[in-house]
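Below is one structure, written out as structure tokens; comments come after it.
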Amino acid sequence: MQFPTSFTERMQRLLGSDYDQFVAALQQAPPTSVRLNPAKTSARPALPQVPWAKHGYYLSERPSFTLDPLLHAGTYYVQEASSMFLEQALKQVVNLEQPLHVLDLCGAPGGKSTHLASLISPDSLQVSNEVIRSRASILAENVAKWGSGNVLVTSNDPRDFGRLQDFFDVMVVDAPCSGEGMFRKDPQAINEWSEDNVNLCAQRQQRILMDVWGALKPGGILIYSTCTWNEQENEENIAWLAEQEQAESLKLTLQPEWGVVPTQLKGIEGYRFYPHRAQGEGFFMAVVRKAGEAEEAVSHGKKKKYKLTLAGKKEQTLVQDWLINPDEFTWIQHGDIISAIPANLFEAADRVFQSLYVIYAGTEIAEVKGKKLKPLQGLALSQHLNKGAFETAELDLEQALRYLRKEDISLGTSGNDWLLLQYKNIPLGWAKQVGNRMNNYFPKEWRIRMELPQELSSFEILNG
């Protein structure tokens, strides 16, 4: 790899005698890691564990993940190991047992959002945002696959969050950056790097931080991260924020064997991941607490006007048995779509709906088709699905992949019922039997586009 001169000089200054090891590590293949969904599997693979993440594992090689139905079922997520350090920040500075309002501001494609959803309590509300609409759709897809049911996916500019003053207990800002930490995975990033782009990214990051700061409660926690190494986009930005807003830098406890490098600049505690020290890509994180203490919300006795519309009693009666513990949910309807959100989150969710553009909410249950209801993909992948309410059919690997390609499949059955199709007892989605024919209802925009190889072999991530 040929690095720009200014980048080389800076990294030599930062790393000193470690610089040659750093360059050598960048010539090696990047590690591959996954994070399991504990709500969908209790497996403990015989694989090396990501030391800072309870459900993170390293693979010896990178398989063709597209050909594993369990990935599409939301049983695990392919995530870069360094970014799983978010778990340590949350566990060390946040009481995860209490109900929280959590924001993942730059959420696509969904690694941190699905990780957050596994860490916070079920009675917490998570808002996962992505400003670019096409990427927001990918984020919504991955949130739906994870199936936690307490997440709202939004597509808004950071400045729009000013409408939610003092709303969030925790914010995660994985800011767009110059991408120095991705040089090994994406050599093209080297050609796109420049000092001008570093300056541009740093300015944009400052704008993002100030735009969303008002939505963080006094006493709330901001977790800031980038996949770059320069101080300008990292420690200096957080030092600038701390000076502007009297934020307090928080120190995390590290284990020496992790290889995470702690830094300190202008009173800011930072945590750096270098490929020759930690088994992961380049990454930076800092954690700060907003000054002050959150005040209890005061009700003024006025009758509230809600934006969310409740589903009709008839529709609720038809779908309520489709979830486990249906009384714990509020059933809402937007257009023809019936969704379920945890009942205790209704008012908070409504405030988000009134302030932001929401593209996915809770669990999408069904689409109203005249007098009938069509179960939706979000229901099939929900952690709260009541499988006992539906007929199920088990698919083998080839059938599962053909279903995920949205091809016609035949199971030799007949009838006129909705079928919940499964692979290794994990739901994949819906099909509708019409006599001897079976209609494939896997979402067209989610389908596998690659051609299937002539010989299929299942790789067993969940079994090591």
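The values are calculated or read from the model by the stated rules, or taken from the named source; none is laboratory data. Computed from a predicted structure; not experimentally measured. All Cβ positions, glycine included, derive from the backbone under ideal geometry; neighbour counts span all protein chains shown. Areas reflect the complete protein model, heavy atoms only, side chains present, ligands, DNA and RNA absent. Shrake-Rupley method; radii C 1.70, N 1.55, O 1.52, S 1.80 Å.
Here is the figure for the range 433-448: residues that are touching a residue at least 40 places away in the same chain (Cβ under 8 Å) and over 24 Å from the mean Cα position of the chain (by Cα) total 1. Comparison of 460, 347, 455, 451 shows that the only residue that is out of contact with any Ser or Thr (no Cβ under 6 Å at 6 or more places or on another chain), closer than 24 Å to residue 147 by Cβ, open to solvent by 50 Å² or more (accessible area, probe 1.4 Å) and in a loop (DSSP other than H, G, I, E, B) is 460. In the range 391-409, the residue that is farthest from the chain's Cα centre (by Cα) out of those that are open to solvent by 50 Å² or more (accessible area, probe 1.4 Å) and under 27 Å from residue 321 (Cβ atoms) is 391. It is to be established whether one or more residues within the range 122-130 are surrounded by fewer than 24 Cβ atoms within 10 Å (Cβ to Cβ), in a loop (DSSP other than H, G, I, E, B) and free of Cβ contacts under 8 Å to residues at least 40 places away in the same chain. The answer is no, given that none of the residues of the range 122-130 is surrounded by fewer than 24 Cβ atoms within 10 Å (Cβ to Cβ), in a loop (DSSP other than H, G, I, E, B) and free of Cβ contacts under 8 Å to residues at least 40 places away in the same chain.
Here is a yes/no grid of residues against (1) without any contact (Cβ under 8 Å) to a residue 60 or more places away in the chain; (2) open to solvent by 30 Å² or more (accessible area, probe 1.4 Å); (3) more than 13 Å from residue 82 (Cα to Cα); (4) out of contact with any Cys (no Cβ under 6 Å at 6 or more places or on another chain):
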position	(1), (2), (3), (4)
232	yes, yes, yes, yes
243	yes, yes, yes, yes
246	yes, yes, yes, yes
259	yes, no, no, yes
266	yes, yes, yes, yes
273	no, no, no, yes
286	no, no, yes, yes
292	no, yes, yes, yes
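Among residues of the range 51-67 that are in a loop (DSSP other than H, G, I, E, B), those with a Cβ under 9 angstrom from a residue that is aromatic (Phe, Trp, Tyr), sequence gap 6+ or separate chain, pair up as 51/258; 52/85; 52/258; 53/85; 55/76; 63/459; 64/459.
Cβ-Cβ distances below 6 Å connect the following pairs, each with a first residue in the range 320-343 that is assigned by TED's automatic domain parsing to the domain that holds residue 382 and closer than 16 Å to residue 151 by Cα, a second residue that is modelled with pLDDT of 95 or more and among the hydroxyl-bearing types (Ser, Thr, Tyr), and a separation of six or more residues or different chains: 332/339; 340/363; 341/330; 343/330.
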